[in-house]
Amino acid sequence: MRPGEALALAAGLTGAGLGIAAAVGGRTAVRIAVPVAAAAWTYDLVAKNTPAGPAVMAAARGLDVLLGAGGRPRRAALPASAVAGHTLGVTSLSRGEVHGGSRRTGLAALGTTASAAVAATVAALPRRRGGRTDDTRRAVAAAAFAATYAGTVGRAQAGAARNPDAATVRTATGAGVRGVIGLHAALVAGTGAIGLAGGLLAAGPIARLASKVVSPT
């Protein structure tokens, strides 16, 4: 693909996305969709190869979650922060895929994964005391899914923290990219849709097989 074709396609998709946001969510959605698009373009054109790159990518992913919340962005604050934190850790770690990384970056990624798991669990907790049995079940399910996510992604990131050579970092980065599925499953379980969360989690092995054909990074 030629650069001009890529630019035209990106512009067209951005315009289509903003149009759909306006049609479905009105002004409220547009107020979030515009920053999402701005963050994506800023990352691709300016920030990708700078120290600000991971933070800009994390902002794009977090804002994307808020966009999906429609007119209730406050309720999506914790899920958005969980996804943003996960993205920050994975993107920072990915910079060592070619020449190797550092133990500090591996540990930082491990910390963001743990924080994302905690945020997904807290987001499912009842908003008031004396919650119903359904509330408890939902919170327990979210905690279980979050623990699965943290164990899967965190194990690979711990390996990168111990031995941050390029091959280990690539493995941890791939686990992190696929691991967002587990994080999403935990967040969905926190809403009470436990069956749907299980279906999402089942997509993890499929993504792992697909990554052997096409690299997720």
The one condition in (1) hydrophobic (A, V, I, L, M, F, W, C); (2) surrounded by fewer than 19 Cβ atoms within 10 Å (Cβ to Cβ); (3) in contact with a helix residue (DSSP H, G or I) (Cβ under 8 Å, 6 or more places away or on another chain) that LEU9 fails to fulfil: (3)
Tell me, yes or no, whether segment 98-108 has at least one residue that is closer than 25 Å to VAL188 by Cβ and either touching a helix residue (DSSP H, G or I) at 6+ places or on another chain (Cβ under 7 Å) or assigned to a loop (DSSP other than H, G, I, E, B) (or both). no
Report whether or not ALA160 is closer than 18 Å to VAL122 by Cβ and either surrounded by fewer than 14 Cβ atoms within 10 Å (Cβ to Cβ) or in contact with a helix residue (DSSP H, G or I) (Cβ under 9 Å, 6 or more places away or on another chain) (or both). no
State which residue is surrounded by the fewest Cβ atoms within 10 Å (Cβ to Cβ) when the search covers only segment 12-45 and only residues that are touching a residue at least 40 places away in the same chain (Cβ under 8 Å) and not aliphatic (A, V, I, L, M). THR28
Unique residue being crowded, with 21+ Cβ neighbours inside 10 Å, within 18 Å of the chain's Cα centre (by Cα) and under 23 Å from THR91 (Cβ atoms) when the list is ALA203, ALA175: ALA175
Would you mind stating whether THR105 is under 13 Å from the mean Cα position of the chain (by Cα), of a type in the set (Val, Ile, Thr) and modelled with pLDDT of 95 or more? no
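Each row is one residue, and each column tells you yes or no for (1) in contact (Cβ under 8 Å) with a residue 12 or more places away in the chain; (2) under 30 Å from ILE20 (Cα atoms); (3) in a helix (DSSP H, G or I).
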{"site": "PRO54", "(1), (2), (3)": "yes, yes, yes"}
{"site": "ALA77", "(1), (2), (3)": "no, yes, yes"}
{"site": "ALA82", "(1), (2), (3)": "yes, yes, yes"}
{"site": "THR87", "(1), (2), (3)": "yes, yes, yes"}
{"site": "LEU93", "(1), (2), (3)": "yes, no, yes"}
{"site": "GLY111", "(1), (2), (3)": "yes, no, yes"}
{"site": "VAL118", "(1), (2), (3)": "yes, no, yes"}
Which ones in segment 182-201 are over 20 Å from VAL122 (Cβ atoms) and not small (Gly, Ala, Ser)? LEU196
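The values are calculated or read from the model by the stated rules, or taken from the named source; none is laboratory data. On a predicted model such as this, the values are computed, not experimentally measured, just so you know. We place every Cβ from the backbone using ideal geometry, glycine too, and count neighbours over all the protein chains shown.
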